[in-house]
Each structure stands twice: as C-alpha cells, then as structure tokens.
C-alpha cells in the first residue's frame, strides 16, 4: 500500500510542478514593480491643482489675482502622496513685485488653521480697528467674530497686533472677549524647531523664471497664497525630490502575494523608510542617516531603527546597510561614559545642524545595541561589529544595572509611548531578556562563549521571574508591573508571545486578552494608557502584537490586526493617505495634532513581517550564511519574493491550496538553512521529488537543506 501511495504522490507532484513558477505572470495579477511608490523622476509634479479666490487653473498652470480687501488667491498642489525636497514654481508672468507664501503639509486638514484669540483692550462701538492678544492665523478677507459680532478682516498690523475691520463694531467689546476666525491662515504642519528644516517660505517674485522654496522633509500638499495685491501666472510647479528616490531598478528585495492590500502595506513601509533617508550632504550634514520621520523629528531614533534596519536592508540591500551603519556611527559617537546609548543622537536640529544627544530612556539605550546587532545579523559585517563589541558590552553593563536581585527590571522609564512606568515592569524585563539573548548570539559568533552562556542563564532567570511574579490569572495575561498588576498592556504580552515566555497552555488566554484591546482602527496600548498628546494606538506596539501572533501561529489574528491598523493607511481614499505609514492614531483612527508624522519608520512592521513570516525568509547566521524559511500562508493562495544577502539572493515562492502546498526555494550555494512547511503526520512531504520523513511538530514539517534550488511539496490527505 505504501508503494502505491508514493506512486500516486509522484503523479500528483508532476501536476504541482506544472503550476507557473511566477504567478504574477497571470494577466490579472499586478507585477511587483507596479507597487513601488518612489518617483521615476527627480522632478515631481502635482497630480491635482485646486484654487481658492480669484484663480484660473489650467492643468498644472494657474493664474492668481489678489485684490485688496478680498480673499487672497491661493492654490493647493496635491502630489498624491508624500514627497520630500525643495518646492519650485515656474513663473511665466508677474505684475510688478508680488509675495507668495508657501506652506506644506502631510494632511490637507492642517494646511489652514482657525484663529482663536481674545481682545487685548476694550473696543467701543463704532471702532474699525481692534487690538488683539495675537494675530496668528489671521488672513485678509477672513470672516472674524469679535465678541459675537461678525466682520471681515480688511487688514492687520502684526507689530501693533491690531486688526482693521470692513465696517465698524455695532456694540462695545470688553477686553478679554473671544475672537475667532475661519477658515484660518495658511499654516504648515511641520515642526522646524525639532527638524531644523521646513516652516512657511516667503517668496518675493519680481520677474518670470523659476523660483524655489526651502527644503521640506515630508509633505503631500503645497499651499501657495498670493498674500498682497497683484497677479502672477505659473506655467508649472513641482518638487525637486531629495530623499532616497528608489525606483524598481533600485530594489534588491521585493514581495508579492495574492492579497493586494498586504502588498500595498509592504511597499508603503519600504517607501516610508526611503522618505526617512537623508542623503549625504543634505541640510549641511555630510553623512547618510535614517531619520524617524520624513517631517518630524527628522532625527535618528534607536527604537525606530529596530524596524527600519531590517526593512531597509531587505528592500535596498547594500545601500540600506550603508545608511544603517552611518546612523549607528552617529549613535556610538555620542555614547556616555557609563555606557548608555542615547535614544536619539541628533535630536532637535532646530538648534544646530547636528542636533544634540537625547538620553530618552534606558530601554531605548538597549534598543540601540539591538539595532547594531541587527546590522551584523543582516549584513555579516564582522569587522565592524568586532570593532564595536567593547562599546556594546559597556551598554549592556549599563542596562544590567536596572536588573534587581529578583531578576526583574525596575526603571522609572518612559519608553516609546512617553509615559513613565514604575515598579518591576513586565515589558522592560522582557526587553532586557531579548537584549541578553541577542548578546548571547553575538558573543557565540564573534566573542566569548563563556559570556554567551552567562547571558543565556540570566535571560532564563528573567523569564522564570516574569512568569512567577507578573502573570495575572484574573487578566489571563501579564500585568503591566508589580505596581500595576491589574493593568493589561499590549506590548508586554505581545513580546511574551513572540519570545516564548507564554506556556502553550496559556497562549490562547493571552491572545484573547489582547483582542479585548482591539478597536476598528487597531489595538490600543491598554486601559488608561496613552501618550500625553492623546494617541492611544501605536503601530510600533501593534507590530509587536502581529509578530507575537505570527510566532504562535495565529496567522489569522495577525492579518486581521494588520488590516485594522495599516489598512486605512494604504487606502488612497483616506484623507490622511500619504503613501507612508503613520506614527500613531487616536481612538477615532485619526491623529490628535498637526505635527503628527504620517511617514514614520517605526510603523513599517508589515514590510518586515510579510517577508519573514509570510514569505518566510529570515536570517539565522550573520549575513544569512545560515537562514530559515517558514511560510505562514494563512488564507493566502500564494506569495513570492527575493531577499538580498551577503552571499547572493534568496528567492522563495510558494502556493497553497486545499490539497497541496508547494515551496520553491533558491539560495546561494555557500549557505544552508532550515525549512519548515505546513504539514501534519498524514501528509506526504517530497523534497526535490523524493519522499521524506521529516520531523513534524506544531503543524510544520522541518528539515535542513543546503544552498541551491529546491522544490518542497506537501500533499494533503
């Protein structure tokens, strides 16, 4: 009977081999190149131009005329997605000398802000001029309400803080009376005090020709306002793109699947990090850097690098590695004498081009070390990591100072959502466990085996302590800390799943508890927990949860949370769409402040996880000298992609149907790895056409393979 079954399997595998190796060849499937968001040309033109006031728009050409006492003429240039660089205008005709105000924004809703102020002194009936506490966001031609009386702004004097009205007041207005104006004056949503770039540009135009503004780090919209009387004709406008402009030719890795929305997430994450990449020489800084956000803070942040590092190397290969290494060098250059690495080595460049090191949190110090270890894991750059090993050991010693005799971490620290947690904190303890495991891997590879063993032993003691003291049976999950054992938090429980803290018998309970934190827009941090600015949903933390769900094979849950959190971000009809992924959300799925970053590196978790968990390719040894391939298909019918490595490309593609699963893998000949494919004990597993009896556990057949081309087939019975 067994011979007959194998014979049947060989007949069936012939059918499997007939499946096209490249499903994208089917006419109804978009090629991966079509998802790439980087502009083809350095000079990028708007996709839409809309005017207000006396404006004539013809395609990308426009004529603006402003008349004294009326609404100033303005146009909004919409680039369809975030861009970065220097806006420019091609002027074909101008009457005399005119002044244009140029502001940029990622979200159109923040391009104009209503004014809200008060009267500074009392005004009497019949007055046509009123003194205010502020004239910020006022614009000639706006309606203004003063003490309940509606007038139109005819003019104002910023120095004297006075406003001229179109007609006299009909009643007295006391000092301190409310004053409001809508729709408000042009206003940028940039934060130049942090970023060192951006803010409104004032352009004086006296003759035809090209006029350029200053550098702006990340924006979808440009609002141009002809602030004073006159007429100007524009024959065109655009942006000189000055982030890293990656076209399909520049991608060294890619991903494609049977799910269009997931594909859009992967490429949005890639584009987000490209917008965050500062080329050498820009803004007076000679080196290449990976900033946290395109618009804000435009600083290197260690927590963001944990997501950005794998993203940038998996997508751009050597270029990404170069940017990551340069960013790490800026980090190590500001390491403190006690070993601490800053959360950001170059924060608030509004004070100087170089910024200053911000020692934001002890946890972020450990993130910096992990980012450096990740660089080695993905690149195999042994010389670099050996040169930095003493610095990394000093940082580890600093983090170790917060470990108590009870093997838990106590640190009045802020971490990524900017609120202090006290007591022995579950997440901080798990984070230190992760850091120790990373160091153990590093020491075994380039350092001391004895130190590696010490780190592993200390990590195990932390895991034991967390399970003994921080598990809360009433929650069915881990509590926030010893001070707050009854508070359910997303991040700690997500990391506990991802890094094997949760015994198998408790996994379902933790998954259920985490799901109570879900909203239609993603998972909240936890009951009562939020950033001081009001955001409650962190893509950084949601990425921890999707990783945790993948780790325990809750692929359906991981996909469902991805769709809630990142689905709106990749929907071109969403009013906050930028082509990038957002820093955070509030409880209604929007953002709470104008400076919210809508292209933020720490949100790129889907790009990393779709490559490593869905396509299934991740590094084990440095530079992928050894690798693992473990697809988690969920309900997808196929996925394929390429991962660049130090030894050459790894090409993986799989198809999944009710009765069969097929993985085709090509890896560099000088490498080797472990393959795990979905299977149970009743299935037939063939490797390169030969029947095999692999070890099967937790729903996967596992075996080792050398580099080269392989086909693995699972026939489901």
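Values in this text are rule-based calculations from the coordinates and carry no lab data. All values reported here derive from a predicted model rather than from experimental measurement. Cβ sites come from the backbone with ideal geometry, for glycine too, and all protein chains shown count toward neighbours.
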Legend entry - Normalised convex hull volume, the range 374-455, alpha-carbon set, Å³ per residue: 101
Inset, instruction - Using Cα pairs closer than 8 Å and at least 6 residues apart in sequence, work out the relative contact order for the range 298-457, in percent. - result: 19
Inset, instruction - Give the Rg/Rh ratio for the range 435-571, taking Rg as the radius of gyration of the Cα atoms and Rh as the Kirkwood radius, to two decimals. - result: 1.03
Inset, instruction - Mind ranking 641-652, 369-380 by how tightly packed they are, going by the mean number of other C-beta atoms within 10 angstrom, highest first? - result: 369-380, 641-652
Inset, instruction - Provide the percentage of antiparallel DSSP beta bridges, counting only those with both residues in the chain; round to the nearest 5. - result: 95
Inset, instruction - Evaluate the Kirkwood expression for the hydrodynamic radius of the range 112-186, namely the inverse of the mean inverse distance over all pairs of different C-alpha atoms, and round to one decimal in Å. - result: 11.7
Inset, instruction - List 481, 235 from most exposed to least, where exposure is judged by having the fewest other Cβ atoms within 10 Å. - result: 235, 481
Inset, instruction - Return a whole-number percent for the relative contact order of the range 373-527, with Cα pairs under 8 Å and 6 or more residues apart as the contact set. - result: 17
Inset, instruction - Quickly estimate the mean residue ellipticity at 222 nm for the chain, helices only: each DSSP H run with n ≥ 4 gives -39500 (n - 2.57), and the total goes over all residues, rounded to 500. - result: -9000 deg cm²/dmol
Inset, instruction - Let me know the volume per residue of the alpha-carbon convex hull for the range 408-464, in Å³. - result: 73
Legend entry - For q = 0.18 Å⁻¹, Debye-computed log10 I/I(0) when each Cα of the range 232-351 counts as one equal scatterer: -0.95
Inset, instruction - Would you mind listing how long the range 258-319 runs along its three principal axes, going by Cα atoms, in whole Å with the largest first? - result: 44, 25, 18
Inset, instruction - Would you kindly calculate the mean projected area, averaged across all directions, of the convex hull enclosing the Cα atoms of the range 55-123, in square nanometres? - result: 7.6
Inset, instruction - Compute the long axis of helix 302-316 from its Cα atoms, compare it with the longest principal axis of the Cα atoms of the chain, and write down the angle in degrees, 0 to 90, nearest 10. - result: 70
Inset, instruction - Using only alpha carbon positions, build the gyration tensor of the range 119-235, then give the equivalent ellipsoid semi-axes as the square roots of 5 times its eigenvalues, largest first, whole angstrom. - result: 33, 18, 11
Legend entry - Per-residue Cβ neighbour rank within 10 angstrom, fewest leading, 572, 660, 93: 572, 93, 660
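Restricting to Cα pairs below 8 Å that are 6+ residues apart, what does the relative contact order work out to for the chain? Please round to a whole percent.
Answer for the chain is 12 percent.
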Legend entry - Segments 169-175, 588-594 sorted - mean Cβ within 10 Å per residue, highest first: 588-594, 169-175
Inset, instruction - Note down, for the range 592-717, the three equivalent ellipsoid semi-axes (square root of 5 times each alpha carbon gyration tensor eigenvalue), biggest first, whole angstrom. - result: 29, 19, 11
Inset, instruction - Using only Cα atoms, find the angle between the long axis of helix 362-379 and the longest principal axis of the chain, and express it within 0 to 90 degrees, rounded to the nearest 10. - result: 60
Inset, instruction - Could you tell me how many degrees, from 0 to 90 and to the nearest 10, lie between the Cα long axis of helix 449-469 and the main elongation axis, the longest principal axis, of the Cα atoms of the chain? - result: 70
Inset, instruction - Over the Cα atoms of the range 504-582, compute the convex hull volume and normalise it per residue, giving Å³. - result: 99
Legend entry - Alpha-carbon centroids, the range 427-483 and the range 358-389: separation in whole Å: 18
Inset, instruction - Sort the following peptides by mean Cβ neighbour count (other Cβ atoms within 10 Å, averaged over residues), highest first: 521-528, 471-478. - result: 521-528, 471-478
Inset, instruction - Using the number of other C-beta atoms within 10 angstrom as an exposure proxy, rank 225, 565, 119 with the fewest first. - result: 119, 225, 565
